[in-house]
Amino acid sequence: MFAYLGAHRDDVILGPALGEDGAVVKVGNKVLISSMDPITGAVERIGWLAVNISANDVATFGVRPAFFSSCILLPEDSTDETVRMICEQIDLAARKLGIAVIGGHSEVTPELDRPVIVGSAMTVTEPGRYVTSAGSKPGNKLILTKGAGIEGTAILATDRCDKLEGKLDDALLGSARKFYDLISVVEEAVLAFNTGGVTAMHDPTEGGVAGGIHELADAANLGVKILKEKIRVAPETSEICKFFHVDPLQLISSGALLISAKSDSAEAIVEELLNQDIEAAIIGEFLKSPGKRLLVRADGSLENLVRPLSDHLWSALER
């Protein structure tokens, strides 16, 4: 698909590429960083997610997002209240992140059974004052913030509450629904970048933490060795995944952040994150051989790191 990119322009610094979730374009003596993402699997907080997911992709470059626009596609039975709710959620999320909503489009689309939002976030920064997903080097350490399956946990606890209520503890489900408040990675991405030593960042969305690790390694054409016991899986995520028979490492994980860092900088980055009450741990390191994508179990045995064929959110939603 990367062969179909329209006209060549010298002001495109970074266009579509494996493992990259944004673009970098030269504009005068500055650079514009932009991202675009659809929200298709959630209903209850779709506007909130649309802003945060696109903002996260910009933040993984190490800069704060500044602008947001959206395309809102609605089922034919949508009401004015549906539109108002979505717009209120977009407004709330954007205000929280200091983002201006600069425009967009909305329409009723035949044959949709749920709303779909395609969001785009943008910002402007100085040339060279950012990282991309392709910057990792052999020996770099890999840091994960918060844990696996954050977004998927929130979606399933909210949109599949009819299946979970009475099966799982009410307090656990209430806590899981609050995972929506953990979706943003803007603060930790900017903090990590400003601490120094970051070589690449990526937020694991579709395909979960496992998919995100592969994407980060793909972008740099490297291998990776991951310590499974270092990947945090919250009790809420664990219980919901057990109920739906899905793998938390393959469950959509917006809210987590993968940070590649120089080996002598990784501990300092983790310390800075922990000082700001952001959970973080070194979960592995990058290897020279791209054919080695290894997961180390707690007993020291090895297995290949699974590459998700599709996000396990869809498996859970179908059950």
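Some notes on this structure:
- Any hit, the stretch 296-305, residues being without any contact (Cβ under 8 Å) to a residue 12 or more places away in the chain, more than 25 Å from Glu151 (Cα to Cα) and among the aliphatic types (A, V, I, L, M): yes
- Scope the stretch 180-211; condition in a strand (DSSP E or B) and within 26 Å of Ala316 (Cβ to Cβ); matching residues: His202
- All positions within the stretch 270-283 that are in a strand (DSSP E or B) and either out of contact with any Ser or Thr (no Cβ under 6 Å at 6 or more places or on another chain) or free of Cβ contacts under 8 Å to residues at least 12 places away in the same chain (or both): Ala281, Ile282, Ile283
- So Ile90, is it buried (at least 21 other Cβ atoms within 10 Å of the Cβ) and in a strand (DSSP E or B): no
- When the stretch 23-54 is filtered for residues that are free of Cβ contacts under 8 Å to residues at least 60 places away in the same chain and assigned to a strand (DSSP E or B), the ones remaining, listed by number, are Ala23, Val25.
- Glu76 vs. criteria in contact with a strand residue (DSSP E or B) (Cβ under 6 Å, 6 or more places away or on another chain), acidic (Asp, Glu) and in contact (Cβ under 8 Å) with a residue 24 or more places away in the chain: yes
- When Asp311 is tested against (1) of a type in the set (Asp, Glu); (2) surrounded by fewer than 22 Cβ atoms within 10 Å (Cβ to Cβ); (3) under 21 Å from the mean Cα position of the chain (by Cα), just one condition goes unmet, and that condition is (2).
Yes or no, residue by residue, for (1) on the phi < 0 side of the Ramachandran plot; (2) surrounded by fewer than 24 Cβ atoms within 10 Å (Cβ to Cβ); (3) part of a strand (DSSP E or B):
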site: Ile213; (1), (2), (3): yes, no, no
site: Val224; (1), (2), (3): yes, no, yes
site: Glu239; (1), (2), (3): yes, yes, no
site: Ile252; (1), (2), (3): yes, no, no
site: Ala268; (1), (2), (3): yes, yes, no
site: Glu285; (1), (2), (3): yes, yes, yes
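- Hits in the stretch 180-231 - residues which are within 16 Å of Val270 (Cα to Cα) and in contact with a Lys or Arg (Cβ under 7 Å, 6 or more places away or on another chain): Val186, Val190, Gly197, Thr199
- Top-ranked residue of the stretch 110-119 - restricted to ones that are in contact with an Asp or Glu (Cβ under 8 Å, 6 or more places away or on another chain) and either closer than 14 Å to Ser54 by Cα or surrounded by 13 or more Cβ atoms within 10 Å (Cβ to Cβ) (or both), ranked as modelled with the lowest pLDDT: Leu112
- Per the conditions (1) assigned to a loop (DSSP other than H, G, I, E, B); (2) among the charged types (D, E, K, R); (3) in contact with a Ser or Thr (Cβ under 7 Å, 6 or more places away or on another chain), the sole criterion not satisfied by Arg129 is (3).
- Top-ranked residue of the stretch 55-87 - restricted to ones that are farther than 21 Å from Val186 by Cβ and in a loop (DSSP other than H, G, I, E, B), ranked as nearest to the chain's Cα centre (by Cα): Pro75
The values are calculated or read from the model by the stated rules, or taken from the named source; none is laboratory data. Being a predicted model, the structure only gives us computed values, none of them experimental. Please note: Cβ atoms are built from the backbone with ideal geometry, for glycine as well, and neighbour counts cover all protein chains shown.
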